[in-house]
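Report on the structure given below.
The values are calculated or read from the model by the stated rules, or taken from the named source; none is laboratory data. This is a predicted model, so every value here is computed, not measured. Please note: Cβ atoms are built from the backbone with ideal geometry, for glycine as well, and neighbour counts cover all protein chains shown. Surface areas here come from the heavy atoms of the whole protein model, side chains and all, with no ligands, DNA or RNA. Shrake-Rupley method; radii C 1.70, N 1.55, O 1.52, S 1.80 Å.
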Amino acid sequence: MIVLGIETSCDETAAAVVDDRRQVLAEVVLSQLEQHRPYGGIVPEIAARSHLDHLDGLIAEAMRHADLRFTDLDGIAATGGPGLIGGVMVGVTMAKAIAAVAERPFIAVNHLEGHALTARLTDDVAFPFLLLLISGGHCQLLIVEEVGRYKRLGTTVDDAAGEAFDKGAKLLGLGYPGGPAIERAAASGDPGRFALPRPMVGRPEPDFSFSGLKTALRQRVAELTASGPLAAQDRDDLAAGLQAAIADCLADRTARAIVLARARRPDLAALVVAGGVAANGFIRTRLQTVAAAADLRLVVPPARLCTDNATMIAWAGIERLRRGYVDGLDFAPRPRWPLDPSAPRAIGAGVKA
Ligand code: KG4
Ligand code: ZN
């Protein structure tokens, strides 16, 4: 079984071809980072236009790498949401067109399900497992019970973890995207010098909140810059303090979620971490400690599969196709698409699912 995957929901245009023996036959990604950098964040209209300009060429390149024609495929999968709607429409329309011409099934993949199932491609993780999804748009803890079956245990009520890094970096003048910049600065900083809050830590429900952290950071920066620019050491100490605070929140909330997940599913197989923030070495080390203390296997896919990519969409397409889950050409792109529809909608403005 061979599936073409297409990802266009955010600021990466990507195409990949994957088979059901877990072989990645082709994988191409075009980052729009340079186009958005001057604005300090993603501009949806620029993203959609750029997907439109580049997607056909990337798909042709992926098919060339895989040495396949469209009729050699068993299905065409595209991110159907959640995400920036203009971009999602570009990917979905392209996938439907290929599916119609090649007379193959179209599969609409939930972008979050793509992140969730990646650990089954890379590490053959069995169901059920606990997923900590930490990206620029999402911060959730979910039990992954089966393809299409999720139980959300916790979510952010305001910013996502990646957003906390990005906004923190902006306050510290470290540029965009903030995560890698904060991690670099933090390496030469003292995490204990500035006391920053740990919102939600100790609460029974494993939810997250990061906006108070951002406010505390802004106040520290204001104090330190009252009489001049921010000194390099102050900046690095604040970056280290911010990273430590985010890591403490993630570790505490995840430990709590493990207890709740085990109560529901004593056969819990692993703790899986996915999303761009999983690239952070400091956070990975903290989560390793949490998993070890709970005697649970920790699985973190390689960085290129943690950030947005089409391989995860193609793989989720394989998982769905195997179970006979395909979609009609009347599928409508979904800006919001929660993995667990029974979970109450989170209140934060930036919360997409
Ligand atoms: O999954 P992703 O590529 O895109 C989505 O948001 O879906 O995640 C991007 C996020 C950004 O907020 C970025 O700052 C963060 O992941 N990130 C990191 C690191 N690398 C990327 N955060 C902390 N440390 C890193 N090394
Ligand atoms: Zn993502």
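Okay, residues lined up against (1) among the β-branched types (V, I, T); (2) farther than 15 Å from L250 by Cα:
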site: A169; (1), (2): no, yes
site: G173; (1), (2): no, yes
site: I182; (1), (2): yes, yes
site: A187; (1), (2): no, yes
site: G202; (1), (2): no, no
site: D207; (1), (2): no, no
site: R218; (1), (2): no, yes
site: T225; (1), (2): yes, yes
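Spot the failing condition for D295; the list is (1) free of Cβ contacts under 8 Å to residues at least 12 places away in the same chain; (2) closer than 26 Å to R345 by Cβ, and only one is missed.
With (1) free of Cβ contacts under 8 Å to residues at least 12 places away in the same chain; (2) closer than 26 Å to R345 by Cβ applied to D295, the lone miss is (2).
Since L153 meets every condition but one in (1) open to solvent by 10 Å² or more (accessible area, probe 1.4 Å); (2) within 13 Å of the chain's Cα centre (by Cα); (3) among the aliphatic types (A, V, I, L, M), which condition does it not meet?
(2)
Which is open to solvent by 30 Å² or more (accessible area, probe 1.4 Å), within 30 Å of D295 (Cβ to Cβ) and touching a Cys at 6+ places or on another chain (Cβ under 7 Å), of R265, R198? Don't jump to the end; show me each part of the working.
On the way: R265 fails: touching a Cys at 6+ places or on another chain (Cβ under 7 Å).
After applying the criteria, what remains is R198.
Out of I46, I42, which single residue is of a type in the set (A, V, I, L, M), crowded, with 18+ Cβ neighbours inside 10 Å, under 27 Å from P177 (Cα atoms) and in contact with a His (Cβ under 8 Å, 6 or more places away or on another chain)?
I42
Of the residues R235, R253, which is assigned to a helix (DSSP H, G or I), touching a strand residue (DSSP E or B) at 6+ places or on another chain (Cβ under 9 Å) and at pLDDT 95 or above?
Criteria check complete, one pass: R253.
Quick check on my filter: what residues within the range 149-183 are within 13 Å of ligand 1 (Cβ to nearest atom) and of a type in the set (D, E)?
D159, E163, D166, E183
Considering only the range 96-118, I want to know if a residue exists there that is under 16 Å from V273 (Cβ atoms) and either away from ligand 1 (no atom under 16 Å from the Cβ) or open to solvent by 10 Å² or more (accessible area, probe 1.4 Å) (or both).
no
Within the range 185-214, count every residue that is under 24 Å from T156 (Cα atoms), among the polar types (S, T, N, Q) and in a loop (DSSP other than H, G, I, E, B).
1
Determine which member of the set P82, P38 is under 18 Å from the mean Cα position of the chain (by Cα) and not hydroxyl-bearing (S, T, Y).
Details: P38 fails: under 18 Å from the mean Cα position of the chain (by Cα).
Unique residue meeting the criteria: P82.
Can you give me the number of residues within the range 174-210 that are polar (S, T, N, Q) and touching a Lys or Arg at 6+ places or on another chain (Cβ under 9 Å)?
0
List pairs: first in the range 148-169 and more than 15 Å from H115 (Cβ to Cβ), second more than 14 Å from ligand 2 (Cβ to nearest atom) and of a type in the set (S, T, N, Q), Cβ under 6 Å, 6+ apart or cross-chain?
These pairs meet every condition: V157/S209; D158/S209; D158/S211; D159/S211.
Consider only pairs whose beta carbons are under 9 Å apart and that are at least six residues apart or on different chains; among these, list those whose first residue lies in the range 176-193 and is of a type in the set (S, T, N, Q) and whose second residue is open to solvent by 40 Å² or more (accessible area, probe 1.4 Å).
S188/A232; S188/Q233
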